[in-house]
Amino acid sequence: METMQVLKNLGLTEQEARIYLAALELGAASIQKVAARANIKRPTAYTIAKELMSKGFMGSFVDRGGLKLTAETPDKLLVIAKRRQEDLAGILPRLQALRSTKTDKPQITYYEGKEAYFVIAEDTLKFKNITAYMTGSLAGIHKVITEKYDLEYYIPKRVENNIAVKGIFSAEKVTKKYHTLDKAHLREIKFMPEQFAYPTFQIIYGDRVAFFASQDEMFGFIIRSKDYAEMEKKKFEFMWSKL
């Protein structure tokens, strides 16, 4: 993930991220130099710097040359991120209490951008001791989430939760490699005919169906509906029986 996007994920605007990075590169520097490096007008840069100081991303001091700005060291960002996670964990029970109790009501949740793929993937790991049904292109989804994420995090976590997989995948190089690891990965694979291959990906799990678009369109959604999930599962089983 690009540096700018990571900083935005920490709650910074694009201009705040530019000021922080400029100060980080310059070390202790005047507001004029930081503003010039970030290509932001001085009055605006000063206002942004004050906001960054209130958020804990920057500090300042005065010497003979006047006011100097300093960026917090990169490892401090981990502390900030951890503190925010702890704050969220603290209010999570209250947020859960506010959520509608009608959990059986069908729901469609739409996501955009690269981060959406990880959010959706994480949702598929909430269940335990089930079978998930996957179809599509592993090579296609790896263009977004990467094979490293799949092998080093997603699959181990899925196996830990005892989520078995039946997969109908495109006959790609990565899929054939995965096929040799089926037993260890709690997985069965069948290959779809080449003429029916497509670049998207779908997972049926519990009462939900997750869809991942190709890298070109970069979006996804989760449908939570027992009826819809059951229908998609029946369609999957029909295809499975024909391969």
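Ranked highest first by average number of other Cβ atoms within 10 Å, how do 140-150, 57-67 line up?
Details: 140-150: 17.3, 57-67: 12.5.
For the peptides 140-150, 57-67, the packing ranking is 140-150, 57-67.
Helix 114-123 versus the longest principal axis of the chain: what angle, 0 to 90°, nearest 10, using Cα atoms?
Once rounded, the angle reads 50 degrees.
With a/c under 1.5 counting as rounded, go ahead and sort the range 73-213 into rounded, prolate or oblate using the C-alpha gyration tensor (a ≥ b ≥ c being the square roots of the eigenvalues; past the cut-off, prolate if a/b is larger than b/c, else oblate).
It is prolate, given that a/c is not under 1.5 and a/b is the larger ratio.
Fewest Cβ neighbours within 10 Å first, please rank 88, 52 accordingly. Intermediate results must be reported in sequence, preceding the final value.
On the way: 88 10, 52 23.
Ordered from fewest to most neighbouring Cβ atoms within 10 Å, 88, 52 come out as 88, 52.
Grab the alpha carbons of the range 74-154, take their convex hull, and tell me the volume per residue in Å³. Mind dumping the intermediate values first?
Values: hull volume 14.3 nm³, N = 81.
Here the figure is 176 Å³ per residue.
In what sequence, highest mean first, do 13-25, 164-176, 185-197 appear when ranked by Cβ atoms within 10 angstrom?
The peptides rank, most packed first, as 13-25, 164-176, 185-197.
Can you tell me, using C-alpha contacts under 8 Å and at least 6 residues apart, the relative contact order of the range 3-75 as a whole percent?
32
What is the range 26-113 by shape, rounded, prolate or oblate, if you read a ≥ b ≥ c off the alpha carbon gyration tensor as root eigenvalues and call it rounded for a/c under 1.5, prolate for a/b larger than b/c, and oblate otherwise?
Prolate, because a/c is 1.5 or more and a/b exceeds b/c.
Taking Cα centroids, how far is the range 1-71 from the range 182-243 in Å?
46
How long are the three semi-axes of the equivalent ellipsoid for the chain, computed from the Cα gyration tensor as the root of 5 times each eigenvalue, in whole Å, largest first? Intermediate values should be presented prior to the final figure.
Values: eigenvalues 417, 88, 49 Å².
Working through the eigenvalues yields semi-axes of 46, 21, 16 Å.
With the Cα gyration tensor of the range 140-190 in hand, give its eigenvalues times 5 under a square root as the equivalent ellipsoid semi-axes, listed largest first in whole angstrom.
That gives 16, 15, 9 Å for the three semi-axes.
First check a/c for the range 3-75, with a ≥ b ≥ c the square roots of the eigenvalues of its C-alpha gyration tensor; if it is under 1.5, answer rounded, and if not, answer prolate when a/b is larger than b/c or oblate otherwise. Provide the component values of the computation, followed by the final result.
Numbers: a/c = 1.76, a/b = 1.46, b/c = 1.21.
Prolate, since a/c reaches 1.5 and a/b exceeds b/c.
Every number in this text was worked out from the coordinates using simple rules, so none of it is lab data. It should be emphasised that the depicted structure is a prediction, and the values quoted were computed from it without experimental measurement. Note that we place each Cβ from the backbone using ideal geometry, even for glycine, and neighbour counts take in every protein chain shown.
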